[in-house]
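The values are calculated or read from the model by the stated rules, or taken from the named source; none is laboratory data. This structure is a prediction, so every number in the text was calculated from the model and none was measured. All Cβ positions, even for glycine, are placed from backbone atoms using ideal geometry, and neighbour counts span all protein chains on display.
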Amino acid sequence: MTQSVSTNGGDPIPLVLTADERAAVRAFLQRSEVRLSTLHRVATALLSGAGLVVLLPAIERDAVAVVLRALTQELTQELTWVRSTLVAAVVVVLALPLFALWMLLRELTRFYFHSHHVEVDVDVDVGRGSEGSRVFIPRFTLTGLRLPTDELGASAGVALRQMREQPEIHELLVPAKDSTRARIDRQLAAYSQAGGSDQVRVEGLLKLVATRDRGLLEEAAKVEAGMARHLLRLQAIVLRYVKALLVFVVTAVVIFAAAAITGASIEDQGALSPARLVAIALLVALWAPVIATVAATPVRWVEGLLRAEGARATSVAADPELTQMERVVMGFSSLGWVLAFLALLGLWADDDPFGAQPVVTGIVVVATGGAQIAAVWRWRQRSRVAR
């Protein structure tokens, strides 16, 4: 069958696909469906979040309750800026894994949805999310399918169009119920699409899922671009998942340690001693550089892989999609260390809160501060060098 292929600025060029060419395009489309299915299975496995689901109860159950109860009890007994600062530092530690999980779920949502535009129907008000005569709508990442227009002859094509207009076909999308028709009309109106007859409603719903007539070559080109989009999004999601998992593991260890420090005081219903408050502050100060280093580790793993295969320089650290969580972690960790340091300064004014180990405590503070600065500096340098 003959089809026209448009060129940039030129007239359409008639094109006749041979039998072998048509068979090759069909085979490619079949392989693409298998590849897309595999990519979606990977995303589905990450969506289940097996590792995060296992760790989330461990972080957000007993250990958190013990730590927060102890610190809250301190606030109810004597509200001071030192104790408030220490509570804020612990809250930062707890908030980071939850924020990492939120970022992961947001990226997975963006993977499964995509924006495309449709032309605004005549006599329909253009609402928000529109640009000129086009309106942008969300759709699932996979488009609807129609038989390629060049697969059938003229008579078969006419017969297919007639079958698409049959009421039995319309009822699959637009049931014969007035309340359902009204709901579909409201849905179409949200995207500046006209309602009316069942035929118009069906055409509007097909637009929402990007179902339209395409030729074999156009379908192949669409699949190529869609495959690239899936791979770009999925590699960012995989890295974000690994980083979130590492953040959960490190934070879980810190929370368990903090619960061990405060556990005895909770059982005795007594206030935390200054030494225990110092220990919690030091724990947060230690958490900051560790979590900053751990969050940047997956990107370094990828860079190491590239260098092992012969690359002399990489630009992974400059990719904003692959390093977005690192920027968030650097901010959280720096804030947590500053709050812990301020709490330690306040505790320093108490009567010998450090017991017999003031030198060790000072060394830990200086070491963690230097490690945090070094972690942030290395991250910034790698981003600048990569650019």
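Summed over segment 225-255, residues that are over 30 Å from A63 (Cα atoms), touching a residue at least 40 places away in the same chain (Cβ under 8 Å) and not polar (S, T, N, Q) total 9.
Any residue at all in segment 27-41 that is loosely packed, with under 14 Cβ neighbours inside 10 Å, at pLDDT below 85, part of a helix (DSSP H, G or I) and not assigned by TED's automatic domain parsing to the domain that holds H230? Scanning segment 27-41 turns up at least one residue that is loosely packed, with under 14 Cβ neighbours inside 10 Å, at pLDDT below 85, part of a helix (DSSP H, G or I) and not assigned by TED's automatic domain parsing to the domain that holds H230. The residue list L234, L246, L239 contains one member that is outside the structural domain of T149 (by TED's automatic domain parsing), more than 14 Å from the chain's Cα centre (by Cα), in a helix (DSSP H, G or I) and surrounded by 15 or more Cβ atoms within 10 Å (Cβ to Cβ), which is L246.
Restricted to segment 190-204, and to residues there that are of a type outside the set (D, E) and farther than 13 Å from E119 by Cα, the residue that is surrounded by the most Cβ atoms within 10 Å (Cβ to Cβ) is R201.
With the requirement that a residue be surrounded by 15 or more Cβ atoms within 10 Å (Cβ to Cβ) and either modelled with pLDDT of 70 or more or out of contact with any helix residue (DSSP H, G or I) (no Cβ under 8 Å at 6 or more places or on another chain) (or both), what does segment 74-90 give you?
V82, R83, S84, T85, L86, V87, A88, A89, V90, listed by residue number.
Note on segment 205-221: residues that are loosely packed, with under 15 Cβ neighbours inside 10 Å and in a helix (DSSP H, G or I) total 1.
Table: residues versus (1) over 28 Å from the mean Cα position of the chain (by Cα); (2) under 28 Å from F332 (Cα atoms); (3) at pLDDT 75 or above; (4) not assigned by TED's automatic domain parsing to the domain that holds L216.
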{"position": "I13", "(1), (2), (3), (4)": "yes, no, no, yes"}
{"position": "L17", "(1), (2), (3), (4)": "yes, no, yes, yes"}
{"position": "R22", "(1), (2), (3), (4)": "yes, no, yes, yes"}
{"position": "L56", "(1), (2), (3), (4)": "no, yes, no, yes"}
{"position": "L71", "(1), (2), (3), (4)": "yes, yes, no, yes"}
{"position": "L94", "(1), (2), (3), (4)": "no, yes, yes, yes"}
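The residue list A182, A156 contains one member that is under 30 Å from E224 (Cβ atoms) and without any contact (Cβ under 8 Å) to a residue 12 or more places away in the chain, which is A156. If you check A189, A194 for being at pLDDT below 85, assigned to a loop (DSSP other than H, G, I, E, B) and aliphatic (A, V, I, L, M), only one passes: A194. With respect to being assigned to a helix (DSSP H, G or I) and either surrounded by 15 or more Cβ atoms within 10 Å (Cβ to Cβ) or charged (D, E, K, R) (or both), V299 fits the description. Of all the listed residues (L339, L347, L322, L283), the sole one being crowded, with 18+ Cβ neighbours inside 10 Å and not in a helix (DSSP H, G or I) is L322.
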